[in-house]
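K.L.:
Questions regarding the structure given below will be posed in turn.
The values are calculated or read from the model by the stated rules, or taken from the named source; none is laboratory data. As the structure is a computational prediction, the values presented were derived from the model and not from experiment. All Cβ positions, glycine included, derive from the backbone under ideal geometry; neighbour counts span all protein chains shown. These accessible areas exclude ligands, DNA and RNA; they are computed on the full protein's heavy atoms, side chains included. Shrake-Rupley method; radii C 1.70, N 1.55, O 1.52, S 1.80 Å.
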Amino acid sequence: MSDSTHFAPPGPLGFGGAPLGNMFEEVTDETAAATLDAAWDAGIRYFDTAPEYGPGISEHRFGHVLRSRPRDEFVLSTKVGRLLRADASKGGQHGPFVKGLPFRVDYDYTADGVRRSIEDSLQRLGMARIDIAYIHDCAEDAHGDRWLEVFDTAMKGAAVALTQLREEGVIRGWGLGVNRVEPCVMALERADPDVFLLAGRYSLLNQPALDELFPRCAERGVHVVVGGPYNSGIIAGGKNFEYQEASPDKVAARDRLAEIAKRHGVDLRAAALQFCAAHPVVASVIPGTKNPARVHENVTLMGQPIPADFWRELKSSGVLPKQAPTPA
């Protein structure tokens with residue numbers, strides 16, 4: 001299957017919408033709008049959100065800003081697999097999302113659930129179409145021992161419905177939005193996805209997608225959007241790895257990266273973004289952002305010159321696999 005058959009979002013930098021769903025802390029509507037405006041003004045044209053973020057509040061905020069933009073000038077993705085049900089008892093709390101909207105979040109990976117989810121998202125966005133629908137979290141980290149059963153339901157239900165919606169022209173592409181490599185590999189065996197949103201599985205610290213998934217994507221002309229390029233913040237100097245406090249070995253690995261970066265006069269955040277974007281299957285990198293200043297920072301970091309000697313040392317010292325593509 002040739003590359004041209006599969007739709008991909010524009011890159012190298014996109015905008016990840018979880019922080020604007022009040023992830024870990026409240027973001028005001030004004031700050032959210034200013035952040036999205038800053039992304040637009042900086043030339044970013046790919047925006048990703050999800051019903052779960054907020055729950056619902058991220059989609060509302062995206063719609064509020066993007067509705068006024070020319071619809072054919074940007075690509076918008078959201079997710080399916082979770083339906084929002086009115087439930088005042090939740091108080092706007094859901095997982096790491098605080099002070100959101102009064103909904104509970106129910107999993108539904110059936111074909112009917114997917115069609116309902118897209119219709120609901122269009123209502124929250126106040127828009128007539130989305131471009132890409134990702135089947136959200138049909139993986140072990142979300143479903144534990146039941147994940148293979150859940151994945152099977154998603155392939156028989158959601159994947160079939162999304163393929164049909166793509167053929168009908170309702171969406172331009174679909175894939176999985178997950179934090180694990182295994183379901184992506186399995187989806188390539190069972191269906192015809194266009195693009196995967198893979199978080200935290202291809203970064204300076206962590207590359208489980210490199211050896212099997214990415215070559216298979218290249219064979220099939222399937223693209224990858226990299227989420228979590230900073231691995232929940234640890235690469236950018238934070239304490240978290242994969243949404244929780246980093247283990248001592250991860251901190252030590254980060255410190256080793258930082259030491260090499262310092263020696264070469266490289267901002268480690270710039271290296272993190274540019275490393276993710278350098279792989280040929282990667283269409284876009286979407287760091288999460290919750291203020292306008294950070295948007296401008298990410299755009300600057302993506303364009304910052306990095307000496308070739310830095311990449312050579314990462315490989316010669318065993319910090320990066322020798323076969324990992326690095327920026328030219």
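K.L.:
For segment 165-202, which positions are farther than 30 Å from VAL251 by Cβ and open to solvent by 20 Å² or more (accessible area, probe 1.4 Å)?
P.N.:
Matches in segment 165-202: ARG166, GLU167, GLU168, GLY169, VAL170, ARG172, MET186, GLU189, ARG190, ALA191, ASP192.
K.L.:
Let me ask something else. If I filter segment 14-35 down to residues being touching a Phe, Trp or Tyr at 6+ places or on another chain (Cβ under 8 Å) and closer than 24 Å to PHE196 by Cβ, which single residue comes out as surrounded by the fewest Cβ atoms within 10 Å (Cβ to Cβ)?
P.N.:
Out of the qualifying residues, it is MET23.
Yes or no, residue by residue, for (1) in contact with a helix residue (DSSP H, G or I) (Cβ under 7 Å, 6 or more places away or on another chain); (2) at pLDDT 95 or above:
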residue: ALA33; (1), (2): yes, yes
residue: TYR53; (1), (2): yes, yes
residue: GLY56; (1), (2): yes, yes
residue: ARG71; (1), (2): no, yes
residue: THR78; (1), (2): yes, yes
residue: LEU83; (1), (2): yes, yes
residue: ALA86; (1), (2): no, yes
residue: GLY91; (1), (2): no, no
residue: HIS94; (1), (2): no, no
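K.L.:
Kindly list the number of the only condition in (1) closer than 21 Å to VAL285 by Cβ; (2) open to solvent by less than 10 Å² (accessible area, probe 1.4 Å) that fails for LEU205.
P.N.:
Result: LEU205 passes all but (2).
K.L.:
Only residues that are outside any helix (DSSP H, G or I) and either among the hydroxyl-bearing types (Ser, Thr, Tyr) or open to solvent by 30 Å² or more (accessible area, probe 1.4 Å) (or both): list them for segment 254-274, please.
P.N.:
HIS264, GLY265, ASP267
K.L.:
Quick check: anything in segment 216-224 farther than 19 Å from ALA8 by Cα and open to solvent by 30 Å² or more (accessible area, probe 1.4 Å)?
P.N.:
No: segment 216-224 contains no residue that is farther than 19 Å from ALA8 by Cα and open to solvent by 30 Å² or more (accessible area, probe 1.4 Å).
K.L.:
Filter segment 42-87 down to the residues that are among the β-branched types (Val, Ile, Thr) and within 15 Å of the chain's Cα centre (by Cα), then identify the one that is surrounded by the fewest Cβ atoms within 10 Å (Cβ to Cβ).
P.N.:
VAL75
K.L.:
If a residue counts only when it is under 25 Å from GLY175 (Cα atoms), in contact (Cβ under 8 Å) with a residue 40 or more places away in the chain and not acidic (Asp, Glu), which strands (runs of 3 or more DSSP E) contained entirely in segment 1-106 have at least 3 such residues?
P.N.:
In segment 1-106, 75-80 are the strands (runs of 3 or more DSSP E) which contain 3 or more residues that are under 25 Å from GLY175 (Cα atoms), in contact (Cβ under 8 Å) with a residue 40 or more places away in the chain and not acidic (Asp, Glu).
K.L.:
If I filter segment 159-170 for residues that are in contact (Cβ under 8 Å) with a residue 24 or more places away in the chain, in contact with a helix residue (DSSP H, G or I) (Cβ under 6 Å, 6 or more places away or on another chain), of a type outside the set (Asp, Glu) and outside any helix (DSSP H, G or I), do I get at least one hit?
P.N.:
Checked segment 159-170: no residue is in contact (Cβ under 8 Å) with a residue 24 or more places away in the chain, in contact with a helix residue (DSSP H, G or I) (Cβ under 6 Å, 6 or more places away or on another chain), of a type outside the set (Asp, Glu) and outside any helix (DSSP H, G or I).
K.L.:
Next question, about the same structure. Which residue, of MET127, MET155, is on the phi < 0 side of the Ramachandran plot, in a helix (DSSP H, G or I) and among the hydrophobic types (A, V, I, L, M, F, W, C)?
P.N.:
Unique residue meeting the criteria: MET155.
K.L.:
Here's a follow-up. Is it true that some residue in segment 307-316 is without any contact (Cβ under 8 Å) to a residue 40 or more places away in the chain, open to solvent by 50 Å² or more (accessible area, probe 1.4 Å) and closer than 28 Å to THR35 by Cα?
P.N.:
No, segment 307-316 contains no residue that is without any contact (Cβ under 8 Å) to a residue 40 or more places away in the chain, open to solvent by 50 Å² or more (accessible area, probe 1.4 Å) and closer than 28 Å to THR35 by Cα.
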